[in-house]
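Notes for the one structure printed next.
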Amino acid sequence: MEKLKIYLGDITYDTVSLSTDAIPLAIGYIAAYCKKIYGSKAEITLFKYLEDLEQALVDSPPDILGLSNYSWNQNIGLEMFNIARKSNPDVLTVWGGPNFPIDLPSQKKFMNENKIVDIYVPLEGEIGFSNIVEVCFSAKSSDQIRKLAISKPIEGCVIRNSNNELIFSGPGLRTRKQLDDLLDRFI
């Protein structure tokens with residue numbers, strides 16, 4: 001693939017009030033890290049609000065949809081994955097964030113209860129997500145991206161393959177041991 005269309009979302013409810021009014025810093029870090037590595041080949045759009053993402057999924061579906069997973073947005077994340085899959089059956093669905101169990105049996109249960117999720121990136125997502133993007137660039141066409149990404153282990157990720165089996169690549173990769181280490185990646 002010469003170019004990948006990627007949507008990253010840290011979605012919040014915005015009806016009565018915002019579930020969280022925090023700036024979506026984590027997806028910003030992920031986007032910045034991918035842009036530093038892949039430049040304009042990674043066409044990344046960030047989303048905070050439900051209606052904006054839903055409209056984009058219907059009007060112009062991405063190749064990859066990556067969403068933050070927190071306790072307050074898990075249900076809307078699942079719904080956005082369903083909308084994305086209806087708009088583009090080949091979309092790669094990636095979830096990441098702290099709302100993921102620590103122990104292996106609970107991780108298996110979590111993934112089996114959320115079958116719409118192709119890949120989960122535990123802990124910080126910069127390295128794991130960029131590893132996914134790297135694999136996706138090997139696809140010859142957009143309809144092969146998902147098949148390729150779930151066909152083998154990707155470092156820092158939990159993957160559901162086409163046989164509905166989970167592939168664990170080891171512990172998630174931490175990027176933020178020291179603030180200077182993170183800043184060096186973006187400067």
Of the listed links Lys86/Lys152; Lys35/Lys115; Lys48/Lys147; Lys5/Lys48, those spanning more than 22 angstrom between alpha carbons are Lys86/Lys152; Lys35/Lys115; Lys48/Lys147
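Can you give the convex hull volume per residue for the Cα atoms of the chain, as a whole number of Å³?
Details: hull volume 20.9 nm³, N = 187.
Per residue, the Cα convex hull of the chain comes to 112 Å³.
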Could you work out how far apart the two model spin labels at Phe137 and Lys35 are, taking each label as a point 7 Å from the Cα in the direction of the beta carbon, and quote it in nm? 1.7
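Can you give the longest run of the chain that contains no trypsin sites (Lys or Arg not before Pro) sitting in a DSSP loop with at most 16 other Cβ atoms inside 10 Å? Mind showing how you got there, number by number?
Working: sites that count: Lys3, Lys115, Lys140, Arg174, Arg176, Lys177.
Formally, the longest exposed-site-free interval is 4-114.
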Put a dot 7 Å past each Cα toward the Cβ at Ile167 and Ser151; how far apart are the dots in nm? 0.9
Can you tell me what the convex hull of the Cα atoms of segment 80-141 projects to on average, as an area in nm²? 4.9
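Any read-out appearing in this document is the output of simple, stated calculations on the displayed coordinates, not a laboratory observation. Keep in mind that what you see is a predicted model, and the values were worked out from it rather than measured. Neighbour counts are summed over all protein chains in view; Cβ atoms, including those assigned to glycine, are modelled from backbone coordinates with ideal geometry.
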